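What follows is a single structure, written as structure tokens, with notes after it.
The values are calculated or read from the model by the stated rules, or taken from the named source; none is laboratory data. Please read these numbers as outputs of a predicted model, since none were measured by experiment. Glycine gets a Cβ as well: all are built from the backbone with ideal geometry, and neighbour counts include every protein chain shown. Keep in mind that these areas ignore ligands, DNA and RNA; they rest on the heavy atoms of the full protein, side chains included. Shrake-Rupley method; radii C 1.70, N 1.55, O 1.52, S 1.80 Å.
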Amino acid sequence: MDPVPTKASLSEKFAPIQEHWRPRVIAELNGQELKLVKFCGVFPWHHHEQEDELFLVWRGQMVIEFRDHQVVLQQGEMCVVPRGIEHRTSADTEAEVVIFEPAATRNTGNIVDDKFTAPNGVKV
């Protein structure tokens, strides 16, 4: 039997998330995952060898830093970081961010960090 399409509220899905930098999967499609994550502070420099990442700010503001420039994203704005490009994300105050990327993409890309590397596939 095919699944029945339903709607989801991003506000309701973000509400139970308490930890920063710990993505939660809310949907899967065509080998991709739609993830919700709360940012606050500065994430480590990293890159993803095979995966592009899309960041969309739901609430707040975030910065994506590259070695030669930075992109500031406000609520409702998005940016795609192409595979292989070194970057880090940050937010001075808590930001709620939607990420779209291939399933099983490690949030810290090419590095493993005791504080920031999150388990894959955790759902809301």
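Counting only strands (runs of 3 or more DSSP E) that fall entirely inside the stretch 55-119 and contain at least 3 residues that are in contact (Cβ under 8 Å) with a residue 24 or more places away in the chain and touching a strand residue (DSSP E or B) at 6+ places or on another chain (Cβ under 6 Å), the qualifying elements are 61-65, 78-81, 88-102.
Which count do you get for residues in the stretch 74-98 that are under 24 Å from A27 (Cβ atoms) and either touching a helix residue (DSSP H, G or I) at 6+ places or on another chain (Cβ under 9 Å) or of a type in the set (A, V, I, L, M, F, W, C) (or both)? Number satisfying all stated conditions: 9. Which of the residues spanning the stretch 70-92 are under 14 Å from E53 (Cα atoms), more than 14 Å from the chain's Cα centre (by Cα) and open to solvent by 80 Å² or more (accessible area, probe 1.4 Å)? The answer is R83, and nothing else. Filtered by the rule that a residue be among the charged types (D, E, K, R) and touching a Gly at 6+ places or on another chain (Cβ under 8 Å), the stretch 34-50 gives a lone residue, E49. Does any residue of the stretch 16-29 turn out to be among the small types (G, A, S), within 28 Å of I85 (Cα to Cα) and touching a residue at least 24 places away in the same chain (Cβ under 8 Å)? The answer is no; no qualifying residue exists.
Hey, among R67, R106, which residue is closer than 30 Å to T6 by Cβ and either open to solvent by less than 50 Å² (accessible area, probe 1.4 Å) or not aromatic (F, W, Y) (or both)? Every option except R106 fails the conditions. Scanning the stretch 53-64 for residues that are open to solvent by 50 Å² or more (accessible area, probe 1.4 Å) and within 16 Å of P23 (Cα to Cα) returns L56, W58, R59.
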